[in-house]
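*Asks:* Okay, here's the structure, questions in a sec.
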Amino acid sequence: MDGYPKLMHTALDTTDARGLAEFYRELLGLRYRPGDEPPSDGADDADWLVLVDSEGKRKLAFQEVSDLPASTWPSAEVPMQLHLDFAVPTVEDLQRHRQRAEDLGGKLLLDRTDEGGEPLYVLADPAGHPFCVLVAPQEC
């Protein structure tokens, strides 16, 4: 609809922009925006990176900060402030993507696969941002 701002991407603060971008690039099958690819010489001082989908649409951005206390969720000491939800079609996919996230450096925070309704995992990315992977209809 014209006249409204459009969501460009969701930006996540992190103390390691490249490391967190790599986590989500691998987990979600995204790619870097042209110009944000890792340098071939290994010298990387990127403090802002953007990931795009296969059509080049922005999905996530990563902003490097000097200090970032990790969320203590479910405790409220350091709240989530923001979290991402990712849908998968089956419980088998849910389990596979949990393992992939952990293999990439994520940490399991909550396993809600034995409860009725929406089976889900709450995980933390390497910077401590909580995110959910859940079984949901594909039209989400």
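*Asks:* Whole Å is fine, so just give me how far the alpha carbon centre of the stretch 65-114 lies from that of the stretch 1-58.
*Replies:* What the calculation gives is 19 Å, centre to centre.
*Asks:* A further question follows. May I ask you to derive the relative contact order of the stretch 10-64, considering only C-alpha pairs under 8 Å and at least 6 residues apart, and to give it as an integer percent? Let's see the in-between values first.
*Replies:* Numbers: 88 pairs, mean separation 26.3, N = 55.
Contact order relative to length: 48 percent.
*Asks:* Now, a different point. Of the chain, which part is the longest with no GluC sites (Glu not before Pro) in a loop (DSSP not H, G, I, E, B) and with at most 13 other C-beta atoms within 10 angstrom? Please list the in-between numbers first.
*Replies:* Working: sites that count: 55, 77, 115, 139.
Here the longest run is 1-54.
*Asks:* Give the shape of the stretch 43-140 as rounded, prolate or oblate, defined through the alpha-carbon gyration tensor: a ≥ b ≥ c are the square roots of its eigenvalues, a/c under 1.5 means rounded, and otherwise the shape is prolate if a/b is larger than b/c and oblate if not. Spell out each step's value before the answer.
*Replies:* Numbers: a/c = 2.05, a/b = 1.29, b/c = 1.59.
In terms of gyration-tensor shape, oblate.
*Asks:* Take every Cα-Cα distance within the stretch 1-98, group them into 5 Å bins from 0 onward, and report for each bin the whole-number percent of pairs it holds.
*Replies:* Bin by bin from 0 Å, the calculated values are 2, 11, 17, 19, 19, 16, 10, 4, 1.
*Asks:* In addition: Mind pulling up the Rg/Rh value for the stretch 84-135? Radius of gyration and Kirkwood radius, both on Cα.
*Replies:* Working: Rg = 10.0 Å, Rh = 10.7 Å.
Rg/Rh for the stretch 84-135 comes to 0.94.
*Asks:* Let me ask another. From the Cα gyration tensor of the stretch 10-64, with a ≥ b ≥ c the square roots of its eigenvalues, which class applies: rounded if a/c is under 1.5, or else prolate if a/b is larger than b/c, or else oblate?
*Replies:* Working: a/c = 1.69, a/b = 1.25, b/c = 1.35.
Oblate.
*Asks:* Cut-off is 10 Å between beta-carbons; in what order do 57, 6, 107 appear when sorted fewest neighbours first?
*Replies:* Numbers: 57 10, 6 5, 107 14.
Final ranking by Cβ density, sparse to dense: 6, 57, 107.
*Asks:* Could I ask something else about it? What value, in deg cm²/dmol to 500, does the helix sum -39500 (n - 2.57) over DSSP H runs of n ≥ 4 give at 222 nm once divided by the residues of the chain?
*Replies:* Details: 2 runs with 25 residues, N = 140.
Value at 222 nm, helices only, nearest 500: -5500 deg cm²/dmol.
*Asks:* Pick out which of 78, 50, 65 has the largest mean-square fluctuation in a Gaussian network model of the chain, springs linking Cα atoms closer than 10 Å.
*Replies:* Looking only at 78, 50, 65, the largest GNM fluctuation is found for 78.
No lab work stands behind these numbers, since they all come straight from the coordinates. The structure displayed is predicted, hence computed values, not measured ones. No Cβ is skipped: glycine too gets one built from the backbone with ideal geometry, and neighbour counts run over all protein chains shown.
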